[in-house]
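A short worksheet on the structure shown next.
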Amino acid sequence: MRNYKFYILSIALILQGCATPGWRSVQLQDYLQPYIGQSADNIQQNLNLKSLGFQTLKQPTQTDQQLVFTVLRPINIPIPMNMGTSDGSRLSTVTTYSQSYDVNFYCHIIFELDQQKIARSIRYEGKAC
């Protein structure tokens with residue numbers, strides 16, 4: 001019976017994850033597209049991911065070939081607790097979610113730079129993209 005409850009809970013969490021909106025990915029791509037062809041300095045000065053509702057982890061990092069912004073997506077996952085009483089019947093058990101734990105997923109928005117530090121393309125890495 002415990003495996004059955006775990007299976008039901010797992011499916012519920014997966015469905016909840018699938019029901020989550022596309023994390024504004026289309027809006028984000030549309031917002032970032034005009035930055036192609038701009039300098040890394042200009043992108044750092046003008047790109048404001050917080051204005052779109054994204055939570056940024058830190059300042060962007062820059063190498064000779066990349067400018068990387070890190071976006072954080074916190075997710076709260078409930079922990080099931082068996083709060084019911086048992087009278088021998090399997091139907092008398094009630095599951096509640098009074099505790100939870102937080103998981104942070106990251107998305108790295110990577111601007112590929114050319115030798116003049118001009119953004120030529122954008123790619124995304126991470127579970128939250």
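The values are calculated or read from the model by the stated rules, or taken from the named source; none is laboratory data. Note that the coordinates shown come from a computational prediction; the quantities given were computed from them, not determined experimentally. We place every Cβ from the backbone using ideal geometry, glycine too, and count neighbours over all the protein chains shown.
The residues in segment 19-46 that are among the charged types (D, E, K, R) and either at positive phi or at pLDDT below 95 (or both) can be counted, and the count is 2.
Kindly establish whether THR63 is surrounded by fewer than 13 Cβ atoms within 10 Å (Cβ to Cβ) and at pLDDT 95 or above. Talk me through it step by step, then tell me what you get.
On the way: surrounded by fewer than 13 Cβ atoms within 10 Å (Cβ to Cβ): yes; at pLDDT 95 or above: yes.
Answer is yes for this residue.
The set of residues in segment 112-125 being of a type in the set (Gly, Ala, Ser) and surrounded by fewer than 15 Cβ atoms within 10 Å (Cβ to Cβ) consists of SER121 alone.
If the condition is being among the charged types (D, E, K, R), within 13 Å of LYS117 (Cβ to Cβ) and not in a loop (DSSP other than H, G, I, E, B), then segment 33-74 contributes only ASP41.
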